[in-house]
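K.L.:
I'd like to ask you about the structure that follows.
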Amino acid sequence: MASFQGTQINPKKFHKSQIKFYLILIPMAILMGSPIIYIFNHAFKPIDELFAFPPRFFVQKPTIQNFLNLLESGNVGGTPITRYFFNSIVVTIVVVVLIILISTMAGYVLSKKQFKLKNTIFEVNTLALMFVPAAVAIPRYIIIEKLHLINTFTVHILPLLALPVGLFLVKQFIDQIPNELLEAARMDGASDFQIFFRIIIPNIKPAIATVAILAFQVVWNNIETSDLYVNNEGIKTFAFYMSTLTTANGNTVAGTGLTAAASLIMFIPNLIIFIFMQKQVMDTMAHSGIK
Amino acid sequence: MNKKNIDYNTWVFLGPYILLFLIFIIVPVLIAIGLSFTYFNSIEFPKFIGLKNYVSLLTQDAVFMQNVVPNTLKFSLIVGPGGYILSFLMAWMLAQIPHKPRTVLALILYSPSMTAGVAMTVLWTVIFSGDASGYLNGFLLNLNLISEPIQWLQSPEYLMTIMIIVTLWTSMGVGFLAMLSGILNINPEIYEAGYIDGIKNRFQEIIYITIPSMKPQMLFGAVMAVVNTFQAGAIGVALSGTNPTPQNAGQLMVNHIDDYGFIRYEMGYAAAISVVLLLVVYLFSKVARKLFEEKD
């Protein structure tokens, strides 16, 4: 039955024919994963190991000294590191919640309502999937200046809220909620808001989780806003602080323990959120196609 | 009356997104197009100069023609299709193994893309550090392959290669997950039918069944690959720590825009480069659509 190999996609259990795939996948995973393992080790290295020659991959005597130094480093500049961290957390939470709300609301009407411009709007949004924000940094600066958003806390939030890929994924996901379900609710006298909160939201949890992850990555890693639109140190974010560490210390090995510790703090939340939500993400991705 | 009510709600739901979408995505693009026909130094009011920016971009900007265009082409042609094919192959292989190991391996392959931005620059600056305590230098010195440390990130010969490797490392992102999910959701009966129709091996299976059955995900993955490629423009500057990069070796279009816009304050000229960049991204995505769009 060699000709039926094709049905082995998504197998239930291990079979020796899968060994060849493991032989490629495992070395590949090691190659891709090792830089991250390296950061983990580097962040916990004491000073003599950071300077060790030849450099070692794994840490021998782990210490949290780098993290303690990181905590102090912010104080030297006048703005405590906790301030950057606090800013990042507030901005991240607000942006993620608002992106979810705005994209699901828009996704609902774009999927289930009939109106003029509906297809045009979705087409333009699909086109905007390939929007490269860095390309229009200058016009964006002009707009943000005209709106008097320079040096405000709001500037961290507003420009990030329209996330084309978020709306795209949510709309594709809502498409498969049967119209009959909404019709029935409407017959019972449910308003749009009731339908949205009682039927749409509970049925698209996987899509919401996915948008949350994407939104989180966009806002948590964002340094452009602090770099271009904010001069006041007190309202810059941790990602930005982190990037200044890199340019200040990046090329000297001594500072890298510190920056590795900061990288780790940047990376860990991404990882945890993804691990918790990966099932929902895969569910959403099944509907992600552009038709 | 009822109909009017519904219309009103539609715009309440859609309003916030549309408004922000217009202000921060559409209008900036329109302004960029408008400014690209002007001379604008950010102090005086923009002065209309017609196509002059585009003409000098194409005829007088030696850095653009000799470095930026070849660099961008080289970088995007390797990173774009390379990352995309790599993502597809990894996704396809992952689909051949059981759920538990697949989840773990997929997580490892996906995690570099979570490190988007410059958060990981420190890692690369340590690995490629120019002195003997840099990881790569230490390794090569130890093996006696080189006699003195190499300034990896400052030397024009190596910078581009390092940029490509680093970007390929982060290339398995959302598009990779979409393709993995697409492959897993293909109805097994289609494969059975395919083998009855005379498909002989796994390669034919991929070409005739797998890819055609998941065209929408393939297209989504392709668009994401194009975007990631052009968004990764900042990497050269982040790695070398200077804009322009050493001898313009890692100069991509995004860096060229920043160089003129935020360093030299020639906003009109920078806008013209932005417009060219957006057009290039659009063309690449158009090619992807031609390849994978489903014909009704």
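Taken together, the values in this text are just the output of simple stated rules run on the coordinates, not laboratory data. Being a predicted model, the structure only gives us computed values, none of them experimental. When we count neighbours, we look across all protein chains shown, and the Cβ atoms used for this are built from the backbone with ideal geometry, even at glycine.
K.L.:
In whole Hz and in residue order, list the ³J(HN,Hα) couplings for the stretch A:273-278 that follow from phi through the Karplus curve 6.51 cos²θ - 1.76 cosθ + 1.60, θ = phi - 60°; x for Gly and Pro.
P.N.:
Going residue by residue, I get 4, 5, 4, 5, 10, 4 Hz, with x marking Gly and Pro.
K.L.:
Tell me, what HN-Hα J-couplings in whole Hz come from the Karplus equation 6.51 cos²θ - 1.76 cosθ + 1.60 at θ = phi - 60° for each residue of the stretch B:69-74, using x for Gly and Pro?
P.N.:
Values per residue, Gly and Pro as x: 5, x, 4, 4, 4, 4 Hz.
K.L.:
Restricting everything to alpha-carbon atoms, can you work out Rg to Rh for the stretch B:149-251 with a Kirkwood hydrodynamic radius? List each step's numbers first, then the result.
P.N.:
Values: Rg = 20.0 Å, Rh = 16.4 Å.
Taking Rh as the inverse mean 1/r over Cα pairs, Rg/Rh reads 1.22.
K.L.:
Here's a follow-up. What dipole magnitude, in Debye to the nearest 20, does chain A give about its Cα centre under +1 on Lys/Arg Cβ and -1 on Asp/Glu Cβ?
P.N.:
Charge dipole, chain A, about its Cα centre: 760 debye, nearest 20.
K.L.:
Please report the spacing between the Cα centers of the stretch B:156-194 and the stretch A:117-162 in Å, no decimals.
P.N.:
28
K.L.:
Near the amide H of B:Thr38, under 5 Å away, which other amide H atoms are found, from residues 5 or more places off or on another chain, if H is placed in the peptide plane?
P.N.:
Placed amide hydrogens put B:Ile49 under 5 Å from B:Thr38.
K.L.:
Once every Cα of chain B carries one equal point scatterer and solvent is ignored, give the base-10 log of I(q)/I(0) from the Debye formula at q = 0.12, 0.16 Å⁻¹, two decimals.
P.N.:
Listed by q, the Debye log ratios stand at -0.97, -1.27.
K.L.:
Under a point-charge model restricted to the Cβ atoms of Lys and Arg (+1) and Asp and Glu (-1), what is the dipole moment magnitude of the protein assembly as shown relative to its Cα centre, in debye to the nearest 20?
P.N.:
Here the size comes out at about 1140 debye.
K.L.:
Contact order normalised by length for chain B, with contacts defined as Cα pairs under 8 Å and 6 or more residues apart; what percent is it?
P.N.:
Relative contact order comes out at 27 percent.
K.L.:
Pairing the Cα long axis of helix A:137-146 with the longest principal axis of chain A, what angle in degrees results, from 0 to 90 and rounded to the nearest 10?
P.N.:
The two axes meet at around 80 degrees.
K.L.:
Two decimals is fine: what's Rg over Rh for the stretch B:36-116, C-alpha atoms, Kirkwood radius as Rh?
P.N.:
Details: Rg = 22.3 Å, Rh = 17.0 Å.
Radius of gyration relative to Kirkwood radius: 1.31.
K.L.:
Could you tell me how many degrees, from 0 to 90 and to the nearest 10, lie between the Cα long axis of helix A:238-249 and the main elongation axis, the longest principal axis, of the Cα atoms of chain A?
P.N.:
Once rounded, one gets 30 degrees.
K.L.:
Moving on. Where is the GNM fluctuation largest for chain B (alpha-carbon springs, 10 angstrom cutoff): B:Val254, B:Val166, B:Val27?
P.N.:
B:Val27
K.L.:
Quick one: pull the percentage of alpha-carbon pairs in the stretch B:148-200 with a separation above 13 Å.
P.N.:
73
K.L.:
Let me ask another. Where does helix A:65-76 land angle-wise versus the long Cα axis of chain A, in degrees 0 to 90, nearest 10?
P.N.:
90
K.L.:
Out of A:Ser191, A:Ser243, A:Ser17, any idea which swings most in a Gaussian network model of chain A, alpha carbons joined below 10 Å?
P.N.:
Sorting by GNM fluctuation, first place goes to A:Ser17.
K.L.:
Now for a separate question. Let me know the charge dipole size of the stretch A:147-291 about its Cα centre in debye, to the nearest 20, where only the beta-carbon of Lys, Arg (+1) and Asp, Glu (-1) is charged.
P.N.:
180
K.L.:
Please report how far the C-alpha centroid of the stretch A:176-232 lies from that of the stretch B:242-296, rounded to the nearest whole angstrom.
P.N.:
Here the answer is 31 Å between Cα centres.
K.L.:
Say a site is exposed when it is one of the trypsin sites (Lys or Arg not before Pro), sits in a DSSP loop, and has at most 12 other Cβ atoms within 10 Å; what is then the longest site-free stretch of chain B?
P.N.:
Counting only loop sites that pass the neighbour cut-off, the longest clear stretch is B:1-199.
K.L.:
Once all Cα-Cα distances of the stretch A:67-285 are split into 5 Å bins that start at 0, what whole-number percent is in each one?
P.N.:
1, 6, 12, 15, 16, 14, 12, 9, 6, 4, 2, 1, 0, 0
K.L.:
When chain A is treated as a GNM, springs tying every alpha-carbon pair under 10 Å, which of A:Phe240, A:Phe21, A:Phe196 comes out with the largest mean-square fluctuation?
P.N.:
Per the Cα network of chain A with a 10 Å cutoff, A:Phe21 tops the list.
K.L.:
In square nanometres, what is the average projected area of the Cα convex hull of the protein assembly as shown?
P.N.:
Answer in nm², one decimal: 30.7.
K.L.:
Show me, for the stretch B:190-199, the HN-Hα J-couplings you get by feeding each phi into the Karplus relation (A = 6.51, B = -1.76, C = 1.60, θ = phi - 60°), rounded to Hz, glycine and proline as x.
P.N.:
5, 5, 4, 4, x, 5, 5, 6, x, 6
K.L.:
Per DSSP helix of 4 or more residues, -39500 (n - 2.57); summed, then divided by the residues of chain B. What does that give at 222 nm, rounded to the nearest 500?
P.N.:
That calculation yields -20000 deg cm²/dmol at 222 nm.
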